Every structure is written in C-alpha cells, then in structure tokens.
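Scroll down for the structure; my scribbles are underneath it.
The values are calculated or read from the model by the stated rules, or taken from the named source; none is laboratory data. All values derive from a computational prediction rather than experimental measurement. Here the Cβ is made from the backbone with ideal geometry for all residues, glycine too, and neighbour counts use every protein chain on show. Note: accessible area is taken over every heavy atom of the protein model, side chains too, but ligands, DNA and RNA are not part of it. Shrake-Rupley method; radii C 1.70, N 1.55, O 1.52, S 1.80 Å.
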Amino acid sequence: MPFYEHVFLTRQDLTTAQVETLTEGFTKVLTDGSGQVANSEYWGLRTLAYRIAKNRKAHYVMLNIDAPAAAVAEMERQVGLNEDIIRSMTVRVDALSAEPSAMTRRSGDREGGREGGREGREGREGRGDRDGAPRGERPRREPRASY
C-alpha cells in the first residue's frame, strides 16, 4: 500500500479533546478502508502566518498513513465536509519515517532548554558593543546646541 502524510488545521476555539476526537474519527475512516495510521502527532495550537476564516491560530495534527488510495480519498472527503477543519494537505511519500517529525523535535528542543534562546542572548551582553565598551556603560553624547 502507498504511504501518505496528512496534516490538517482545526479552528482555534476547539479544545484539545475535540481535536483528538476528530483525529480518532479520521483514523476510523482509514481503518474501515483497510488502511492504518502508523503515527499521529499533535503539534499544538500555533499562530498562523495569516488569518484563515477569521482564525489567527490553529491546532495542527499530522497523520502518517499506510492505506489504499480509496481510503485516503474518503478521509479527504470527510475532512472537506467538516466545518472545524480550516486547512488540510495530503502528500504521498516513499516511506514513513520512524523518527518524530521536525515540528515535534523543534518543540522538544524548546522545552529541553536548548542553547540559543533567551539564555544565549543574555550570555552575549557581557561581550560589549563594537567599540569595546560594555553595554550600559556607553558614553553619553552631549545634546546638540540649537541655533
């Protein structure tokens, strides 16, 4: 059977439990069509780059699917009929990845306290500016005289 990755975005006013219910419903549609969902990832409530149907944020969910094309087409039809879903995309892939997606790894890095965040910026403050003076101790310029 072919492999697919399906990502859908739901409205911001849904709860996480409602999003999980939607995911379970789409998983059931795929299993009824003799397919399976190898992995599902909830990416959380994220800010959109632009408003979609008056929503500034959306819940993101990704499904790794191993199913025949007919089952995926039925799932896409169900997604299109659902008013809670504002965007979706299905992509056929050569193989399903066993490791977490880049979005999941990225959010895990934030929670794990990776270097480069606010801690990294605070560490740079002691280096000083280009002129060699430490921050906060820069000489003040005299105000210009008004003529």
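Test of the criteria: in the stretch 1-68, which trypsin sites (Lys or Arg not before Pro) are in a DSSP loop and have at most 12 other Cβ atoms within 10 angstrom of their Cβ?
Details: sites: Arg11, Lys28, Arg46, Arg51, Lys54, Arg56, Lys57; in loops: Arg11, Lys54.
For trypsin sites (Lys or Arg not before Pro) across the stretch 1-68 that sit outside H, G, I, E and B with at most 12 neighbouring Cβ atoms in 10 Å, the list reads Lys54.
Rank Met62, Met103 by accessible area, highest first, at a 1.4 Å probe radius?
I get Met103, Met62, largest accessible area first.
Where a ≥ b ≥ c are the square roots of the eigenvalues of the C-alpha gyration tensor, would you call the stretch 41-82 rounded, which needs a/c under 1.5, or, failing that, prolate if a/b is larger than b/c, or oblate?
Working: a/c = 3.79, a/b = 1.79, b/c = 2.12.
Oblate, because a/c is 1.5 or more while a/b does not exceed b/c.
In the stretch 1-104, with Lys and Arg counted as +1 and Asp and Glu as -1 at Cβ, which of these residues, Leu22, Ser40, Ile85, has the Cα nearest the positive end of the dipole, that is, farthest along it?
Ile85
Label-point separation (nm) for Glu142 and Glu83, each offset 7 Å from Cα along Cα-to-Cβ?
The modelled label-to-label distance comes out at 7.2 nm.
Which GluC sites (Glu not before Pro) in the stretch 2-104 pass both tests, a DSSP loop state and at most 13 other beta-carbon atoms within 10 Å? Could you put the intermediate results ahead of the total?
Values: sites: Glu5, Glu20, Glu24, Glu41, Glu74, Glu76, Glu83; in loops: Glu83.
Those satisfying the criteria are Glu83.
Between Glu24 and Arg56, what FRET efficiency follows from the Cβ-Cβ distance if R0 is 25 Å, with the result rounded to 0.05?
On the way: r = 26 Å, r/R0 = 1.06.
So, using R0 = 25 Å, E works out to roughly 0.40.
Label-point separation (nm) for Thr31 and Leu45, each offset 7 Å from Cα along Cα-to-Cβ?
So the two model labels end up 2.9 nm from each other.
With every protein chain present, what accessible area does Ser34 have (1.4 Å probe, heavy atoms only), rounded to the nearest 10 Å²?
My reading of the accessible area for Ser34 is about 80 Å².
Roughly how many Å² of Asp13 are accessible to a 1.4 Å probe, to the nearest 10?
Around 100 Å² of this residue is reachable by solvent.
Once phi is turned into θ = phi - 60°, what whole-Hz ³J(HN,Hα) does the Karplus curve with 6.51, -1.76 and 1.60 give for every residue of the stretch 47-52, x standing for Gly and Pro?
Working through the residues one at a time gives 6, 7, 5, 8, 5, 10 Hz.
Amide H neighbours of Gln36 under 5 Å, counting only residues 5+ apart in sequence or on other chains, H built in-plane at 1.01 Å?
Here the answer is Asp66, Ala67, since their amide H atoms fall under 5 Å of that of Gln36.
For the full complex of protein chains and a 1.4 angstrom probe, list Val91, Val19 by accessible area with the highest value first. Numbers along the way, then the final one.
Numbers: Val91 60, Val19 0 Å².
Final ranking, largest accessible area leading: Val91, Val19.
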